[in-house]
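Student: Sharing a structure here in C-alpha cells format.
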Amino acid sequence: MKYTIQIVGVGGQGVLMASNVLGTAAMNAGYKVMMSEVHGMAQRGGSVMSTVRFGDNVYSPLEAEGGADLIMGFEPAETVRSLHLGNGSTSILMNLDPVLPSMVAAGFDEYPAIDDLVEAVRTTNPNVVTIDATLIAIKAGKAVAANAVMIGAVAAMKDIPLTKDQLREALVSQVPQKFLDLNLDAFERGFNAIRN
C-alpha cells in the first residue's frame, strides 16, 4: 500500500502544520512516511506545497506528476494550479476561501470567480469536494484554525487510509495547549461539514 497527499496553498495558511499532522498520523498508524516541502515566497503569501507519502514501501518523498491520491487545496487558485499532480481518480479537497495576491489586493489584477475555479477543477476531475474552511474556522473561534478544519475534512474523505481518531491524536500532538480547544472544535466542524 502506498498513499500520496499533495497539500497546496499559500504562506500563512498552515500547509506545513497540516503536513506534520498527516505525517505523524501515518507514522503512528505504523506506516513508513516520507515528506517534502516546497516554499515559494511563503512569508509574502507565495505558493507552498508539501508532499506526504506513506505506506509499506515508500522510498522517496517525491511523487511523479499525476500520482497523488489526494490533493488537499487550501487555496482555490493554488488547487487549480496543482491539478497536474493528480489524475482522474485523485480525490480533491478544495477550500473555497481565496488569499488575494498582492497585485489583486492593490487593484492591478482580478482574482477569478470562485465558481469558475471550482468548474475548472470539476472539468478535469469529478472527485472534488469543496469546503469553506475559513468560514467554518471563524465559527469555531478564529480564522487561523482553517488548517484544523481541513484536517478534519480529510478525516471524512472516502478512501483515506487514516482514521479520524488517528488524525485527531496527531493534531493534539502538534498544537500548542493554549490553542487545543479551538483546533479540536475546528477539526470536528471540518469533519462534520464533509460527512454531512
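Student: Taking Lys139 as the anchor, which aspartates and glutamates have their alpha carbon closer than 16 Å to its alpha carbon, excluding any fewer than eight residues away along the same chain?
Tutor: Asp97, Asp181, Asp185, Glu188
Student: Right, here's the next one. Can you list the residues, at least 5 places off or on another chain, whose amide H is less than 5 Å from the amide H of Gly46, using H built in the peptide plane?
Tutor: Gly11, Met41
Student: Can you flag which of Lys32/Lys142; Lys2/Lys178; Lys32/Lys158 are past 30 Å Cα-Cα? Walk me through the numbers before you get to the answer.
Tutor: Values: Lys32/Lys142 34 Å; Lys2/Lys178 35 Å; Lys32/Lys158 21 Å.
In this structure, Lys32/Lys142; Lys2/Lys178 lie more than 30 Å apart at Cα.
Student: When DSSP assigns beta bridges and you keep just the ones with both residues in the chain, what percent turn out antiparallel, to the nearest 5? List each step's numbers first, then the result.
Tutor: Details: 17 of 29 bridges.
Of all bridge pairs located within the chain, approximately 60 percent are antiparallel.
Student: When only Cα pairs under 8 Å and 6 or more residues apart are kept, what is the percent relative contact order across the chain? Each step should come with its number before you reach the end.
Tutor: On the way: 411 pairs, mean separation 40.6, N = 196.
Result for the chain is 21 percent.
Student: In whole Å, what three semi-axes, largest first, describe the equivalent ellipsoid of region 58-114 built from its Cα gyration tensor (square root of 5 times each eigenvalue)? Before the final figure, lay out the partial values.
Tutor: On the way: eigenvalues 153, 28, 17 Å².
Semi-axis lengths for region 58-114 are 28, 12, 9 Å.
Student: Ok, one more. Picking from Met72, Met27, Met94, which is most flexible by a Gaussian network model of the chain using Cα springs under 10 Å?
Tutor: Met27
Student: Thinking of region 2-195 as a set of Cα atoms, what percent of all their pairs are more than 26 Å apart? Intermediate results must be reported in sequence, preceding the final value.
Tutor: Details: 4761 of 18721 pairs.
Above the 26 Å cut-off, region 2-195 has 25 percent of its Cα pairs.
Student: Can I ask one more? If you plug each phi of region 107-124 into the Karplus form 6.51 cos²θ - 1.76 cosθ + 1.60 with θ = phi - 60°, what whole-Hz ³J(HN,Hα) values come out, in order, with x for Gly and Pro?
Tutor: Computed from phi, the couplings for region 107-124 are x, 8, 8, 10, 8, x, 4, 4, 4, 5, 5, 4, 5, 4, 5, 4, 5, 7 Hz.
Student: Which one, Pro126, Pro176, Pro61, has the greatest fluctuation when you compute a Gaussian network model over the chain with C-alpha springs under 10 angstrom?
Tutor: Pro176
Student: With θ set to phi - 60°, apply the Karplus curve 6.51 cos²θ - 1.76 cosθ + 1.60 along region 155-171 and write out the HN-Hα couplings as whole Hz, x wherever there is a Gly or Pro.
Tutor: With coefficients 6.51, -1.76 and 1.60, one gets 4, 9, 6, 6, 6, 6, x, 10, 8, 4, 4, 5, 5, 4, 4, 5, 4 Hz.
None of the figures in this text is laboratory data; all of them are computed from the coordinates on show. These numbers come from a predicted model, not from an experiment.
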